[in-house]
Amino acid sequence: MENGDGKRLRERLTIPHLPRSAAYDPRWMIEDVMGPNPLWPLEELIGRMGLRPGMRVLDLGCGKAMTSVFLARECGVQVWAADLWIDPTDDLRRIAEAGCADRVVPLRVQARELPFAHGYFDAVVSVDAYHYFGTDDFYPGCLADFIRPGGMLGVTVPGVRAEIERVPGHLRPWWQWEFMSLHTLAWWRRHWELTGKVRVLEAWEPEEGWRLWRTWCEVCAEAAADETVREASRREAETLEADAGRTFTFVHLVAETTAPAGP
């Protein structure tokens, strides 16, 4: 039975149109997070990707494997949980505790040096990570080679409403150079489709994206056990509050591979 604190957290983190995410333990989400809540956008993605039980899915930039567990449980797929920064032994412990050790394989992987056969995966999913490596002009075409013809690519990343040409005045106190990796929905669509290897089926900005992002940061600032996480979340919440949706948003894309996999 949840205590009062647990009930309060669950209420704050329950999004009516995202019922699957609401079923997960709020403490588990908070303690294993590495940025914006990954389950909310992932739930939106999988609703449009047509994933079926038994499919092979690469979870690229999986962090602490929260998204990998979600994919295995909610879609019945086999997941390769790939991340560069997190020890796969630590991820295996979390995966086993979640009852998914038979469906999720943790790996330490450099996104630009994927150790897989071309055409091996039915789908690739990346949540809150793709912008760290996927802005390279060569990357989307190379990544598409690892997905079978007619397979799916689903990505969600923080984005911006207009390409940033200079630091917005209202964001100067909160500016971080890493924001240079954030782009618009139109930029991402063009970046993918110019490869000729994928066809974007859906691309959208959730209307409430920045507000959900801010809510998540506010909750983590109050409830995270790690002081470093609390402080980073406080600053991020202040940044999003100051911006009020003028600059920051979330970008979701779902695409289908259109060219035969191969060198």
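Of the residues that make up region 59-74, is at least one aliphatic (A, V, I, L, M), out of contact with any strand residue (DSSP E or B) (no Cβ under 6 Å at 6 or more places or on another chain) and surrounded by fewer than 21 Cβ atoms within 10 Å (Cβ to Cβ)? Scanning region 59-74, I find no residue that is aliphatic (A, V, I, L, M), out of contact with any strand residue (DSSP E or B) (no Cβ under 6 Å at 6 or more places or on another chain) and surrounded by fewer than 21 Cβ atoms within 10 Å (Cβ to Cβ), so the answer is no.
Summed over region 235-252, residues that are among the polar types (S, T, N, Q), part of a helix (DSSP H, G or I) and in contact with an Asp or Glu (Cβ under 8 Å, 6 or more places away or on another chain) total 0. Screening region 133-234 for helices (runs of 4 or more DSSP H) wholly inside it with 1 or more residues that are under 29 Å from Glu31 (Cβ atoms) and among the small types (Gly, Ala, Ser) returns the ranges 209-223. If you go through region 207-263 and keep only what is under 19 Å from His17 (Cβ atoms), buried (at least 20 other Cβ atoms within 10 Å of the Cβ) and of a type in the set (Val, Ile, Thr), you end up with Val219, Thr249, Val251, Val254. Residue count for region 87-101, restricted to those that are under 15 Å from Met34 (Cα atoms), surrounded by 14 or more Cβ atoms within 10 Å (Cβ to Cβ) and in contact with a strand residue (DSSP E or B) (Cβ under 8 Å, 6 or more places away or on another chain): 1.
When the residues of region 209-263 are narrowed to those that are at pLDDT below 90 and in contact with a His (Cβ under 9 Å, 6 or more places away or on another chain), which ends up nearest to His183 (Cα to Cα)? For region 209-263, the residue satisfying everything is Gly209. Could you check, for region 190-201, whether at least one of its residues is within 14 Å of Pro36 (Cβ to Cβ) and at pLDDT 95 or above? No, the conditions are met nowhere in region 190-201.
So, in region 1-37, of the ones that are among the aliphatic types (A, V, I, L, M) and modelled with pLDDT of 90 or more, which residue ends up nearest to Arg73 (Cα to Cα)? Looking at residues that are among the aliphatic types (A, V, I, L, M) and modelled with pLDDT of 90 or more, I get Ala23.
Report yes if Trp40 is modelled with pLDDT of 95 or more and of a type in the set (Phe, Trp, Tyr), otherwise no. Here the answer is yes, as Trp40 does meet what is asked.
For region 136-169, taking the residues that are more than 18 Å from Thr258 (Cβ to Cβ) and in contact with a helix residue (DSSP H, G or I) (Cβ under 6 Å, 6 or more places away or on another chain), the one that is surrounded by the most Cβ atoms within 10 Å (Cβ to Cβ) is identified as Thr156.
Scanning region 220-242 for residues that are in contact with a helix residue (DSSP H, G or I) (Cβ under 7 Å, 6 or more places away or on another chain) and among the polar types (S, T, N, Q) yields Ser233, Thr239.
Yes/no matrix, rows are residues, columns are (1) within 26 Å of Met49 (Cα to Cα); (2) over 18 Å from the mean Cα position of the chain (by Cα):
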residue	(1), (2)
Gly209	yes, no
Thr239	no, yes
Gly245	no, yes
Leu253	yes, no
Thr258	yes, yes
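Annotation for region 161-179: no member residue is of a type in the set (A, V, I, L, M), over 17 Å from the mean Cα position of the chain (by Cα) and under 27 Å from Leu71 (Cα atoms).
The values are calculated or read from the model by the stated rules, or taken from the named source; none is laboratory data. Bear in mind the structure is a predicted one, so any value in this text is a computation, not a measurement. Because the Cβ atoms are built from the backbone with ideal geometry, glycine has one as well, and the counts that use them run over all protein chains shown.
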